[in-house]
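The structure appears right after this line, and notes come after that.
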Number of protein chains: 2
Amino acid sequence: MPADITCLIVDDHEVVREGLRLSLSRAPHIRVVGEASDGASAVALAQRRRPNVVIMDVRMPGMDGLAATKEITDTVPETAVLIFTAYSERSLLGRGLESGARGYILKEAPHQTLLRAIEKVAAGEGYVDPALMPSFLNGKDRDEMLTAREREILQLLADGMSNADVAGRLFISQETVKSHVRHILAKLEANTRTHAVATALRTAIID
Amino acid sequence: MPADITCLIVDDHEVVREGLRLSLSRAPHIRVVGEASDGASAVALAQRRRPNVVIMDVRMPGMDGLAATKEITDTVPETAVLIFTAYSERSLLGRGLESGARGYILKEAPHQTLLRAIEKVAAGEGYVDPALMPSFLNGKDRDEMLTAREREILQLLADGMSNADVAGRLFISQETVKSHVRHILAKLEANTRTHAVATALRTAIID
DNA sequence: CCGGCTATCCCCCTTTTGCGGTAGAGGAGT
DNA sequence: ACTCCTCTACCGCAAAAGGGGGATAGCCGG
């Protein structure tokens, strides 16, 4: 019989932390050892408590869940991070796993599924929500197709910058920006930069 | 001593419903009489159970929280709707109240605050989360400044349509569309349509 | 060592967008 | 009745964006 699984809850919404606490309290072998409502305190708490699993939201004020995940997996390697997020952020799966997360589960998952995912990642295995597998396998995991540079440019477009503005900001030629934009449009199957930015915001490729 | 407050929970995330159930179970005078995970079943349940209060999320698959709110306040006038949503959707406040909601509270609110809000709306009073009052009073409640037509056009822009496309869709002249777009840009303080769409998506003016 | 990916840059051309000003018709409120 | 707002529509012009074609250099993995 294994020891208890220690668990850290990270989410900026009080009500979600309550819900998680309630769900986890039903599993006798899981113990919640802390809660955080933003990335920075999540990292600090993880380093102090060294839990087996961190249940991590992505969208949070200040340091977001992906940055916090990278920080935690770098400094507390024995801790497994399970990303816990909404369906609309499904395209973060790729970057989530890149940043060191061991699992990825949706907020709409029933709690039995959540408990199984926690056990899996605590045992050193990976877990990906079944609802995400189709898009993952089809390579429709859209943000994976964008390079870091392209995401960076797309982010600036979302802030209303023209090609010239972006070129100035990144110290590159305007022609280069146009080139990147054309690639972004092709990859996101968008006709206009506006459409590309909307798609990216909707699937949380940028924010 | 008043009778119990009956309450319906509407949110598409299992974990949020759990959290609400837990929070509300701590208040002896509040009784949860139902749960729904989308707008349509929320309306059906409200009509059958006729609760004192509906705690309503906004973003949901299918019928959203605003449409459900309008439907409920139209058909079950004795029921008070309390909109319960995330900070990033703060600009929905105006439309929320328009659609008949009697209160508006943020998901990050501590549960005592939530309980107070429930009591207030059950008693026939209004409630607006204090965190939203500054933007409300300053008139920075951005989506209030956009007319219905402008929102409609902005929504189409977000789907990647050109002025000509929008004109065709709405059976109006392209010049008219340009006119609307200029007004939108001015109101949202955006330089480009892309910026306007990004702002609108970020503050949930459109989706 | 070579092929593929990435980032950079350049040309030309057409279409779209943004910005200025202007204005009538209809509705709501005072 | 009068005013304010909204939606509608037009003109012209300068800037920006989109689409096509290229090219070069670095870097990484087979």
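Just so you know, all these numbers are worked out from the coordinates, no wet-lab data involved. Quick caveat: nothing in here was measured; it's all calculated off a predicted structure. In this analysis, Cβ positions are derived from the backbone assuming ideal geometry, glycine residues included, and neighbour counts consider all displayed protein chains.
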Can you tell me which residue among A:Ala167, A:Ala198, A:Ala109, A:Ala190 is touching an Asp or Glu at 6+ places or on another chain (Cβ under 9 Å), over 26 Å from A:Leu22 (Cβ atoms) and within 14 Å of chain B (Cβ to nearest Cβ)?
A:Ala198
Being part of a loop (DSSP other than H, G, I, E, B) and more than 10 Å from DNA strand D (Cβ to nearest atom) narrows B:Ala190, B:Ala186, B:Ala196, B:Ala200 down to just B:Ala190
Residue under question is B:Met60, and the condition is that it be more than 14 Å from chain A (Cβ to nearest Cβ) and either more than 15 Å from DNA strand C (Cβ to nearest atom) or surrounded by fewer than 20 Cβ atoms within 10 Å (Cβ to Cβ) (or both); does it hold?
no
Per the filter on the stretch A:91-116, residues under 16 Å from the mean Cα position of the chain (by Cα), of a type in the set (A, V, I, L, M) and part of a helix (DSSP H, G or I) are A:Leu92, A:Leu93, A:Leu97
Can you name the residue in the stretch B:153-164 that is closer than 15 Å to B:Thr199 by Cα and not in a loop (DSSP other than H, G, I, E, B) and is also nearest to the other protein chains (Cβ to nearest Cβ) among such residues?
B:Ala158
With the requirement that a residue be within 14 Å of chain B (Cβ to nearest Cβ) and among the basic types (Lys, Arg), what does the stretch A:1-57 give you?
A:Arg17, A:Arg21, A:Arg26
Can you find, within the stretch B:1-26, the residue that is nearest to A:Glu108 (Cα to Cα) among those that are hydroxyl-bearing (Ser, Thr, Tyr) and under 22 Å from the mean Cα position of the chain (by Cα)?
B:Ser23
Looking at the stretch B:151-169, which of its residues are among the acidic types (Asp, Glu) and without any contact (Cβ under 8 Å) to a residue 12 or more places away in the chain?
B:Asp159, B:Asp165
Reported set for the stretch A:112-133 where residues are touching a Gly at 6+ places or on another chain (Cβ under 6 Å) and within 14 Å of another protein chain (Cβ to nearest Cβ) is A:Ala117
Number of positions in the stretch A:85-105 that are under 15 Å from B:Met60 (Cα atoms) and buried (at least 21 other Cβ atoms within 10 Å of the Cβ)
2
Residue check, A:Val177 in a helix (DSSP H, G or I), surrounded by 18 or more Cβ atoms within 10 Å (Cβ to Cβ), away from every other protein chain (no Cβ under 12 Å) and within 11 Å of DNA strand D (Cβ to nearest atom)
yes
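Can you pull out every residue in the stretch A:14-45 that is outside any helix (DSSP H, G or I), surrounded by fewer than 23 Cβ atoms within 10 Å (Cβ to Cβ) and touching a residue at least 24 places away in the same chain (Cβ under 8 Å)?
Once the filter is applied, which keeps residues that are outside any helix (DSSP H, G or I), surrounded by fewer than 23 Cβ atoms within 10 Å (Cβ to Cβ) and touching a residue at least 24 places away in the same chain (Cβ under 8 Å), the stretch A:14-45 yields A:Arg26, A:Ala27, A:His29, A:Ile30, A:Arg31, A:Val32, A:Val33, A:Gly34, A:Glu35, A:Ser37, A:Asp38.
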